[in-house]
Amino acid sequence: MRKGRLCAAAAIVLCATLAPGAVDTIIVGAFSAVRPGAALPDGWVPLGADSAKNRTRYALVDDGGATVLRAESNAAASGLSRKLRVDPVEYPLLRWRWKVSNTLKGGDVFKKEGDDYPARIYVMFDYPLEKLAAGERRKLRMARALYDPNLPAATLCYVWDSKAPSGTITPSTYTDRVRMVVVESGPARVKRWVNVERDVYRDFKAAFGEAPPAISAIAVATDTDNTGESVTAWYGDISLHKRAVSDGAVPKTPAPGQ
């Protein structure tokens, strides 16, 4: 359950509501805007169970003249999260860059004992509880009562996996309300910066079979508690963008009750 909470936790920092149409880009994680060794940018707070015996260590460091977020995990688990309120219809494109020191020998997106990743990005959604089946509602309410009252009912988890092919979309081994999306796989590009762009709107539809509600939080996490291995990851700036006109419009998300 602890790993399930880590993969699904949300709503734990100051809410930033953004006016539709105000800007073309929303900077979620402006790590490069602060100096190495400084405190995290406003809005970023720890993610993960306070009871965890061994937590991943995060720090802002210099890498080639740019400040980035470094995560060091030695049989550890925790993350960092920022709460937002963003319409994925208007801002569907999520961009970031990451680098890892190595992949995990025991990592496997299809097994609980392999549910560790050198790097991952969560996108959490304000999914209405009433849309869940009765059994799913009971499970989520129980999890919220026991662990975190703000657990989201839908999350995309973008991961750097050890084995599964890029493009794989599969439910988390802990809960099907979290869908794992493999965007990088294997060791071919370790120790190199990799730029990533994902269409959150289309990924949510592919994973859950419906249009997404508002994005409620974005998080990063590097964890190795299941496999007991060690890894270092680096995260560059994270941002959300409008779709270019040439990409074609995405239908508006229906209002509740429509």
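The values are calculated or read from the model by the stated rules, or taken from the named source; none is laboratory data. Being a predicted model, the structure only gives us computed values, none of them experimental. All Cβ positions, even for glycine, are placed from backbone atoms using ideal geometry, and neighbour counts span all protein chains on display. Ligands, DNA and RNA are excluded from the accessible area calculation, which covers all protein heavy atoms including side chains. Shrake-Rupley method; radii C 1.70, N 1.55, O 1.52, S 1.80 Å.
Numerical summary
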{"item": "Members of the range 97-124 found to be among the aromatic types (Phe, Trp, Tyr) and crowded, with 23+ Cβ neighbours inside 10 Å, listed by number", "result": "Trp98, Tyr117, Tyr122"}
{"item": "The range 178-209, residues that are among the basic types (Lys, Arg) and either in contact with a Leu (Cβ under 7 Å, 6 or more places away or on another chain) or under 14 Å from Arg120 (Cβ atoms) (or both)", "result": "Arg179, Arg198"}
{"item": "Sole exception among (1) among the aromatic types (Phe, Trp, Tyr); (2) modelled with pLDDT under 95; (3) open to solvent by less than 30 Å² (accessible area, probe 1.4 Å) for Tyr174, by number", "result": "(3)"}
{"item": "Of residues in the range 186-224 being over 16 Å from Trp160 (Cα atoms) and part of a loop (DSSP other than H, G, I, E, B), the one least open to solvent (accessible area, probe 1.4 Å)", "result": "Pro212"}
{"item": "Set Lys163, Lys191, Lys242: member being among the charged types (D, E, K, R), under 16 Å from Tyr117 (Cα atoms) and in contact (Cβ under 8 Å) with a residue 60 or more places away in the chain", "result": "Lys191"}
{"item": "For Tyr158: the one exception among (1) touching an Asp or Glu at 6+ places or on another chain (Cβ under 9 Å); (2) within 24 Å of Gly114 (Cβ to Cβ); (3) modelled with pLDDT under 95; (4) not acidic (Asp, Glu)", "result": "(3)"}
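For (1) over 16 Å from the mean Cα position of the chain (by Cα); (2) farther than 16 Å from Ala233 by Cα; (3) not hydroxyl-bearing (Ser, Thr, Tyr), each residue gets a yes or a no:
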site	(1), (2), (3)
Ala71	no, no, yes
Ala76	yes, no, yes
Arg82	no, yes, yes
Pro88	no, yes, yes
Asp108	yes, yes, yes
Met124	no, yes, yes
Cys157	no, yes, yes
Ser162	yes, no, no
Pro171	no, yes, yes
